[in-house]
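The values are calculated or read from the model by the stated rules, or taken from the named source; none is laboratory data. Bear in mind the structure is a predicted one, so any value in this text is a computation, not a measurement. For neighbour counting, all protein chains shown are included, and Cβ atoms are generated from backbone atoms with ideal geometry for every residue, glycine included. We work out accessible area using only protein heavy atoms, side chains counted, and drop any ligands, DNA or RNA first. Shrake-Rupley method; radii C 1.70, N 1.55, O 1.52, S 1.80 Å.
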Amino acid sequence: MQNPHTPPDYRYNLSAHIDTAYPQKPRFFIKTYGCQMNERDSEKMAALLLVMGFEAADSQETADLILYNTCCVRENAEDKIFGHLGRLKHLKADKPALIIAVGGCMSQQSEMAQTLREKHRYVNLIFGTANRHRLPEFLWRVMCGGERVADITEGEELPEITDIPVTTREFSHKAGVNIMYGCDNFCSYCIVPYVRGREKSRPQADILHEAAALANDGVKEIMLLGQNVNSYAYDFPRLLREVNKIDGLERIRFMTSHPKDFSDELVAAMRDLKKVCKSVHLPLQSGSTRILADMNRKYTKEQYIALARKLTAIPDFALTTDIIVGYPSETEADFLDTLDVVRQVRFAGAFTFIYSKRSGTPAAQREDSVPRKVANERFDRLTAELYPIFTEKNLAKVGGVVDVMVDEAASPLVTSVECLGGSHNVTNSSEVGVVKYKGRTDDHTLVHFEAHEGLKAGDIVPVRVTEGKTFYVSGVGLD
């Protein structure tokens, strides 16, 4: 008798069960939390589901399978996920056949997986980051074996889903390409190495093949992805030079970068290669050399500033960052060092955070925490320093012309602007024949602009900037 736990070619052989159990193709809905790595993982899992006989649903309410691909970098991310899961309990009560799956970084943590098993018993499937390639097997066990599956296999190997092409992406004109997985840095506050595993780089030939295939499929912009792309084992600047040769690509981005591994060769590649965008996200975390050492970041305040100056010496270059306030033992003097770096470097954007304890990390054992009231006050002072700089940089663009790659046309009435720093509404023009679009410049500035109808995602349009705000600029497309 066939063992339902290990069916041969299981990802292709659910069709008979689906035809029997469902009057029409079952529909899946994936909700992604966290970084670009998670977004790319979701695209690959969606590709597996399509091959298995599912089709995409427009919403959770119309789905037969709901999959949450989770994040655990901050405590508030986990709180949000559990809040959303709680609402699914009512949906499951109304629709008992609904399959609910939770995967990704949060569920890779054994204590979180245990919480899901014990307190969210309506969840059918729990899996992690190290075994997401086994999603078809897990679903076979749920759908054909009637099991409740909880599997967070731990190990350093992460087989890549390469045998099934990604056929659906959030944007048709841009895509992520993983160049490596995992992280070897073990920053004292960070959970990533424990849920993503140790660094493992993909061969350059595989990356170039995937990037070329995406270009042939109409992708104009790719994002090379890794927890620390600068430590790519096979020479990251050389990889950039090879990707730069691929016909059809217009823009190349990458993230995330670690300051300790950002070489002069990489600075030169960013300066010289036409398709490599003149922007980089370079996490600072703290401006205090003492705190940086405590965080195990392996660079000093002075080294970060020196690197930032090399990068911002490139014409029209934009530098964005991550900053944590309230890290254990942070003093007022340490915080003032962070403000000093902000004033010297003048970032174009920043993700700012109050330190969040992550169970299992070295920093979580510390007993010298900063009082919440003090951390909140420092956070407010930090953003009060940053936001006027963002505004000034965007105001400096007014009157100039920038090339914008169209992401999408805005809705007829109001568009919500998502950017570093928050969400804002922009009202569309009512002029007949004129459409409000949004897109990004080479330096990743978010641009809302009016132009004639008919532009499509991936088009690069010259736009005259007419208004500068803190988190975006507005303008008019030039014919």
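Values computed for the structure shown
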read-out: Stokes-Einstein D for the stretch 71-129, Kirkwood Rh over Cα pairs, 25 °C, 0.890 mPa s (µm²/s); value: 211
read-out: Environment charge at Ser42 (Cβ cut-off 13 Å; Lys +1, Arg +1, Asp -1, Glu -1); value: +1
read-out: The stretch 130-145 and the stretch 308-369: distance between their alpha carbon centers, rounded to Å; value: 40
read-out: Relative compactness, the stretch 179-253, computed as alpha-carbon Rg over 2.2 N^0.38 Å; value: 1.20
read-out: Relative intensity, log₁₀ I(q)/I(0), of the chain from a Debye sum that treats every alpha carbon as a point, q = 0.07, 0.10, 0.12 Å⁻¹; value: -0.40, -0.84, -1.21
read-out: Computed P(r) (all Cα pairs; the stretch 210-354; 10 Å bins; percent); value: 11, 40, 31, 14, 4, 0
read-out: Within straight-line cross-link reach of Lys44, lysines at Cα separation under 19 Å, skipping those fewer than 8 residues along the same chain; value: Lys31, Lys174, Lys200
read-out: Under 5 Å, built H, 5+ apart or other chain: amide partners of Val276; value: Ile252
read-out: For the stretch 102-117, Karplus couplings with θ = phi - 60° (6.51, -1.76, 1.60), whole Hz, Gly/Pro x; value: 10, x, x, 5, 4, 6, 5, 6, 4, 5, 5, 4, 5, 4, 5, 4
read-out: Relative contact order, percent, the stretch 205-271 [alpha-carbon distance under 8 Å, six or more residues apart]; value: 42
read-out: Charge dipole (the chain, unit charges on Cβ, about Cα centre) - positive-most of Pro362, Leu49, Val341; value: Pro362
read-out: Local electrostatic count, Pro328, Cβ distance below 13 Å [Lys/Arg +1, Asp/Glu -1]; value: 0
read-out: 5 angstrom amide H check on Leu67, placed H, neighbours 5+ away; value: Phe29, Ile30, Lys31, Ala101
read-out: Rg/Rh ratio calculated on Cα atoms of the stretch 286-413 (Kirkwood radius); value: 1.05
read-out: Sequence-distant residues sharing a close amide H with Val404 (under 5 Å, placed H); value: Val461, Val463
read-out: Backbone HN-Hα couplings from phi across the stretch 304-321 [Karplus 6.51/-1.76/1.60, Hz, Gly and Pro as x]; value: 5, 4, 4, 5, 4, 5, 4, 6, 6, 6, 6, x, 6, 8, 10, 10, 10, 7
read-out: Label-point separation, Ala233 to Glu61 (7 Å along Cα→Cβ), nm; value: 4.9
read-out: The stretch 35-90: proportion of alpha-carbon pairs further apart than 14 angstrom, %; value: 64
read-out: The stretch 51-195: radius of gyration over Cα atoms, expressed as a fraction of 2.2 N^0.38 Å; value: 1.08
read-out: Which of Thr338, Thr115 is most accessible, then next, and so on - probe 1.4 Å; value: Thr115, Thr338
